[in-house]
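Worksheet: the structure to be examined is printed underneath.
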Amino acid sequence: MRNALGSVDTVLLLGGRSEIGLAIVERLVRRGARRVVLAARDATASMKDGGGTAPVDDLERLGAEVHVLDFDAARPETHAALIEEAAAKVGDLDVVIPAFGVLGSQAVYDADPVAAARDVAVNFGGHVSIGLAAARRLREQGHGTLVVLSSVAGVRVRKANFVYGSAKAGLDGFAQGLADALHGSGARVVVVRPGFVIGRMTRGMTPAPMSVTAAEVADAVVESLDTRKVIVWVPARLRLAFAVMLLLPRPLWRRLPR
């Protein structure tokens, strides 16, 4: 439950090394969250280095009680148990943030359809599995927010990254449907649509217009928890830009640079 001041008290981050995810968690801890679960692949072996530089160390310095769990997005059969294990560690889950995914390369996917299918299974299927498991827990609690990190890449899919974009399009639709399914339960879903995010995942790539940083995405997410927005565009002006882009005839859309 939120604490006496109305702040988020417990946070579960799935993808515990995500720049965006950790930036969101840091802000929530600074605002009063005191119990955090970081879940990632091989997390128990690598999330705390003893030298004060790992995510656990950073959050503990801010006053949080941090638990670490192993999580594999590609193993949906483990996801329901992971959610219950997190709740056993910290109690009711106020905010759940699935922040995992693979950007991949369209050229690689063109040459290797198996790699494309594998990454889509993580980028879409993994989110469906963990999202449904988290939603069940939040519905039972009668409160809590699931933050779904979608992307403008899924609003209208471009040829330059259509495998990645199609997975994000599926995720965006799933999140909106889940939000409707949770309506009236006390739990809710926030759908976040960032533009190009400058960071580790996109290192070496040329930033697109209206690019943002992980910090800017995190600020928008935290604001949405206060304002109860359902869909969050980052930056906000992307909403207008894509209203126009959705109207472009397909021949013009195909001519956009890769």
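Quick note: the coordinates plus some simple rules give every number you see, no bench work behind them. The structure displayed is predicted, hence computed values, not measured ones. Glycine also receives a Cβ, built like all others from the backbone with ideal geometry; neighbour counts cover every protein chain displayed.
Per residue, the average separation of C-alpha pairs within less than 8 Å and at least 6 apart gives the chain a relative contact order of 17 percent. The order of the peptides 64-71, 244-251 by mean Cβ neighbours within 10 Å, most packed first, is 64-71, 244-251.
For the range 26-141, compute Rh as the Kirkwood radius over C-alpha pairs and then the Stokes-Einstein diffusion coefficient at 4 °C and 1.567 mPa s; write the answer in µm²/s, rounded to an integer. Result for D is 83 µm²/s. Relative to the Cα centre, the charge distribution of the chain, modelled as +1 at Lys and Arg Cβ and -1 at Asp and Glu Cβ, gives a dipole magnitude of about 1140 debye.
Taking the square root of 5 times each eigenvalue of the Cα gyration tensor, what semi-axes in Å does the equivalent ellipsoid of the range 65-133 have, largest first?
Over the Cα atoms of the range 65-133, the ellipsoid semi-axes are 29, 11, 9 Å.
The value given for the range 156-258 is a Kirkwood hydrodynamic radius of 15.3 Å, derived from the mean inverse Cα-Cα separation. Against the longest alpha carbon principal axis of the chain, how many degrees, from 0 to 90 and to the nearest 10, is the axis of helix 214-227 turned? Here the helix axis deviates by roughly 70 degrees. Simple spin-label estimate for residue 239 and residue 60 gives 4.1 nm between the two label positions (7 Å along the Cα-to-Cβ direction from each Cα). Towards the positive end of the charge dipole of the chain, with charges on Cβ (+1 Lys, Arg; -1 Asp, Glu), say which of 247, 79, 220 has the farthest Cα. Toward the positive end, the furthest listed residue is 247.
For the chain, the Kirkwood radius over C-alpha pairs fed into Stokes-Einstein at 4 °C and 1.567 mPa s yields D = 69 µm² per second.
For the range 117-205, what relative contact order do you get, as a whole percent, if you take Cα pairs closer than 8 Å and at least 6 residues apart? The value is 36 percent.
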